Amino acid sequence: MPDVTSGAIRPGLRAIGAVSRVGGGALNPDAGGLAVTAGWGHAGKGGITMPGKGRIAERDYSADELDALRAGAEALGLTLEDALAHLGATTRDIYLNDVAYWRNVPAGVWSYTIGGYQVMKKWLSYRERSLLRRDLSKDEAREVMNMARRIAAILLLEPALDANYRAVTAATWAWDRGPEGGGVRGTRPT
């Protein structure tokens with residue numbers, strides 16, 4: 001998805017969902033750095049995967065994160081307040097394990113649902129090491145980051161989509177019965 005997950009990533013999205021190491025530095029995938037062991041899922045009866053609580057650290061945005069969101073919002077013709085109204089006033093760090101986490105997943109992105117399921121949490125519940133029987137690949141860890149960025153981009157589109165909907169509904173063609181009752185005559189709203 002150009003400017004969201006590939007190419008020149010938009011400023012407001014670059015700061016969302018980066019795979020990070022507690023205390024900074026590089027993660028070592030060969031030493032379990034990408035193992036999902038934070039309790040996101042477990043085996044239930046009959047081989048059914050059951051979601052777990054996982055590990056989340058809710059926090060305020062950092063100054064750098066707010067600056068990035070402000071720049072991204074302005075590029076979309078929004079204010080920082082508009083962006084936060086759609087993304088959420090707080091953010092989360094979502095842990096894979098005791099060492100690795102996805103940094104800065106806004107509250108609205110984390111709680112985003114499709115079909116009644118919390119998208120990111122559902123994905124993680126099937127990736128717990130005890131269920132998957134392996135650690136995440138680097139591509140899978142990046143996919144979570146990209147998922148967070150895609151959801152954020154959708155949430156930030158809401159004001160434009162709402163404005164478009166209002167414009168379209170204001171210009172619809174109203175249909176009613178003609179004076180003799182035998183035909184349909186279109187009338188434009190005034």
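The values are calculated or read from the model by the stated rules, or taken from the named source; none is laboratory data. Keep in mind it's a predicted model, so treat the numbers as computed, not measured. Here the Cβ positions follow ideal geometry from the backbone for every residue, glycine too, while neighbour counts run over all protein chains shown.
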The stretch 26-37, residues that are on the phi < 0 side of the Ramachandran plot and in a loop (DSSP other than H, G, I, E, B): ALA26, LEU27, ASN28, GLY33, LEU34, ALA35, VAL36, THR37
All positions within the stretch 38-66 that are surrounded by 15 or more Cβ atoms within 10 Å (Cβ to Cβ) and assigned to a helix (DSSP H, G or I): GLU65, LEU66
Those helices (runs of 4 or more DSSP H) lying entirely in the stretch 67-172 with at least 3 residues crowded, with 17+ Cβ neighbours inside 10 Å, touching a residue at least 24 places away in the same chain (Cβ under 8 Å) and in contact with a helix residue (DSSP H, G or I) (Cβ under 9 Å, 6 or more places away or on another chain): 80-87, 107-110, 119-125, 138-170
Residue within the stretch 35-57 that is small (Gly, Ala, Ser) and under 14 Å from PRO106 (Cα atoms) present: yes
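Matching residues to (1) of a type in the set (S, T, N, Q); (2) in contact with a Gly (Cβ under 6 Å, 6 or more places away or on another chain); (3) modelled with pLDDT of 90 or more:
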site	(1), (2), (3)
ASP93	no, no, yes
ARG103	no, no, yes
TYR117	no, no, yes
ARG142	no, no, yes
ALA153	no, no, yes
THR169	yes, no, no
ARG188	no, no, no
